[in-house]
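Chemist: Please see the structure below; I have some questions.
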Amino acid sequence: MIIKAFLRWTETATAGDRAKAAGALAKAFLRCPPTDEQHRAAVHAMIHLLDDPSALVRKALAETLAASPKAPRSVILALSEDQPDVACHVLTFSPILTDTDLVDLCGRGGAMTRGLIAARPNLSRSVAAALAEVGDLGEILILLENPTAHVSRYSLRRLSERFGRETSVRNRLLANDTLPAEARDRLVGHVSALLAQSGLVRSTLSPSRIAHVTREASDLAALMLAADAEREDLPLLVEHLAVSNRLTPAFLMHALCSGRIEFFAAAMTYLTGLEERRVRSLMATARHNAVRALYESAGLDRAICDVFAEATLLWRNLSHRTSQAGGESICAALLQKFSRNPDRPTAIDELLDLVESLQLSEERQIARTFASEAALAA
């Protein structure tokens, strides 16, 4: 009887009075036992109020019910698709909305709806993944700034693909410690491209020099990422580099000489199609000819496979003697090994030029470290 009287009263009351009454009705509903007859009547009354022409009434319902796990699902679903100033409370806080509900709302809602969902506390991975697929720049920034959102590594990859050229997104992704290595490399590539296009660089260096410096910096960054990457991330990093035609002999030799053995083995696994265990076994125990055959099956030029095989044997010997094979030791030994043959093919000469440059870089780094330690000691 009370609910029926309330509904009759709403037909003549002002919007402000109806809003106050709607809030009071929602509070009374949350206090009623679920089995109470007035409880069921209150649900029907609130459903009736969803059609109220004044947004103040629906907003009062949303504000009162938003945070409660006892709110009626039918009312919450309707409020979640109301105008933004009504739906915001429900979209941001309601525990009634399931992940499936939120994913559906991301798909059919507008930018405001997605932005409110992105700001939800403890946002799940599935909803974050939906936002990563369909969200625009504004919603993605809200998602990345939400400290409690659970954004999976897969979603971070998708965001690097979709928004890698956006400085605001890129900076937030690069600051994320869980960003996969291949996604980080993609973002570093965007930074390199921007630097190469800057007026200062273009006025200082020739186009060919810019291309050379950019490529060297990208390769060095990729190897640094490979050193820090988790082992399960390496196949994806290798595939990413292969698709962009960066698994060149020079790059692979750089990886081998600098001790990035985990990455190098992953690259050989990708290029040969062999099982990873088989590749690692050949690198660790096989004789020179078998190792050379491995590199030939990876598509490397036969002329340089001897250099790769010799570098592998040198790494193997050094790793048995020390805890970590120094890149400069492999470089020096390779240069000494192949300097005795003046009739070596041009391809070997080009590869050894790279090895020599690596050796010089290592020596310069050693000199810098020595100077820094000496200055500190003084």
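The values are calculated or read from the model by the stated rules, or taken from the named source; none is laboratory data. Quick caveat, the model's predicted, so the values are computed rather than measured. Counting neighbours? That spans all protein chains shown, and the Cβs are built from the backbone with ideal geometry, glycine included. Side chains included, ligands, DNA and RNA excluded: accessible areas come from the protein's heavy atoms. Shrake-Rupley method; radii C 1.70, N 1.55, O 1.52, S 1.80 Å.
Chemist: Name the one entry in 253, 224 that is out of contact with any strand residue (DSSP E or B) (no Cβ under 6 Å at 6 or more places or on another chain) and farther than 21 Å from residue 164 by Cα.
Modeler: Of 253, 224, the one residue that is out of contact with any strand residue (DSSP E or B) (no Cβ under 6 Å at 6 or more places or on another chain) and farther than 21 Å from residue 164 by Cα is 253.
Chemist: Taking region 107-119 as the search range and keeping residues that are part of a loop (DSSP other than H, G, I, E, B) and modelled with pLDDT under 95, which one is least open to solvent (accessible area, probe 1.4 Å)? Walk me through how you get there before you give the answer.
Modeler: Quick first cut of region 107-119, residues part of a loop (DSSP other than H, G, I, E, B) only: 109-110, 119.
Narrowing further to those that are modelled with pLDDT under 95: 109-110.
Details: 109: 22, 110: 37 Å².
Out of the qualifying residues, it is 109.
Chemist: Turning to a different aspect of this structure: Kindly provide the set of residues from region 160-189 that are assigned to a loop (DSSP other than H, G, I, E, B) and under 17 Å from residue 142 (Cβ atoms), ordered by number.
Modeler: Answer for region 160-189, where residues must be assigned to a loop (DSSP other than H, G, I, E, B) and under 17 Å from residue 142 (Cβ atoms): 166, 175, 176.
Chemist: Oh, and also: Applying the selection to region 71-88, what residues are closer than 16 Å to residue 120 by Cβ, open to solvent by less than 50 Å² (accessible area, probe 1.4 Å) and outside any loop (DSSP other than H, G, I, E, B)?
Modeler: Correct list: 76, 79, 80, 87, 88.
Chemist: Please tell me if residue 21 is assigned to a helix (DSSP H, G or I) and modelled with pLDDT of 85 or more.
Modeler: Answer is yes for this residue.
Chemist: Name the single residue, out of those in region 211-230 being under 16 Å from the mean Cα position of the chain (by Cα) and in a helix (DSSP H, G or I), that is farthest from residue 357 (Cα to Cα).
Modeler: 228
Every residue, every condition in (1) out of contact with any helix residue (DSSP H, G or I) (no Cβ under 6 Å at 6 or more places or on another chain); (2) free of Cβ contacts under 8 Å to residues at least 24 places away in the same chain; (3) of a type in the set (Lys, Arg); (4) closer than 28 Å to residue 191 by Cβ, yes or no:
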| residue | (1), (2), (3), (4) |
| --- | --- |
| 215 | yes, yes, yes, yes |
| 218 | no, no, no, yes |
| 236 | no, no, no, yes |
| 251 | no, no, no, yes |
| 254 | yes, no, no, yes |
| 265 | no, yes, no, no |
| 275 | yes, yes, no, no |
| 278 | yes, yes, yes, no |
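Chemist: Inspect all residues belonging to region 45-55 and state whether any of them is more than 28 Å from residue 123 (Cβ to Cβ) and among the β-branched types (Val, Ile, Thr). Break it down stepwise before answering.
Modeler: So in region 45-55, the residues more than 28 Å from residue 123 (Cβ to Cβ) come out as 45, 47-49, 51-54.
If we keep only those that are among the β-branched types (Val, Ile, Thr) too, we end up with 47.
For region 45-55, residues more than 28 Å from residue 123 (Cβ to Cβ) and among the β-branched types (Val, Ile, Thr): present.
Chemist: Look through region 193-221, keep the residues that are under 20 Å from residue 255 (Cα atoms) and of a type in the set (A, V, I, L, M, F, W, C), and return whichever of them is most open to solvent (accessible area, probe 1.4 Å). It would help to see each step written out before you state the result.
Modeler: Pass one, region 193-221, residues under 20 Å from residue 255 (Cα atoms): 212-221.
Next, from what is left, pick out any that are of a type in the set (A, V, I, L, M, F, W, C): 213, 217, 220-221.
On the way: 213: 58, 217: 53, 220: 89, 221: 21 Å².
Of everything passing the filter in region 193-221, 220 is most open to solvent (accessible area, probe 1.4 Å).
Chemist: Then there's this: Answer yes if at least one residue in region 95-102 is more than 25 Å from residue 44 (Cα to Cα), within 25 Å of the chain's Cα centre (by Cα), assigned to a helix (DSSP H, G or I) and of a type in the set (A, V, I, L, M), and no otherwise.
Modeler: No.
Chemist: If we only count helices (runs of 4 or more DSSP H) wholly inside region 247-315, which ones have 1 or more residues that are under 23 Å from residue 224 (Cβ atoms) and at pLDDT 90 or above? Spell out the reasoning first.
Modeler: Working: elements: 249-257, 261-272, 276-285, 288-297.
Where helices (runs of 4 or more DSSP H) fall fully within region 247-315 and carry at least 1 residues being under 23 Å from residue 224 (Cβ atoms) and at pLDDT 90 or above, they are 249-257, 261-272, 276-285.
Chemist: Restricting the search to region 25-48, which residues are more than 15 Å from residue 75 (Cβ to Cβ) and not polar (S, T, N, Q)?
Modeler: Selection gives 31, 33, 36, 37.
Chemist: Only residues in region 120-131 that are surrounded by fewer than 20 Cβ atoms within 10 Å (Cβ to Cβ) count as the first member; pair them with residues that are part of a helix (DSSP H, G or I) and small (Gly, Ala, Ser), Cβ under 6 angstrom, at least 6 apart or cross-chain, and list the lot.
Modeler: 129/155
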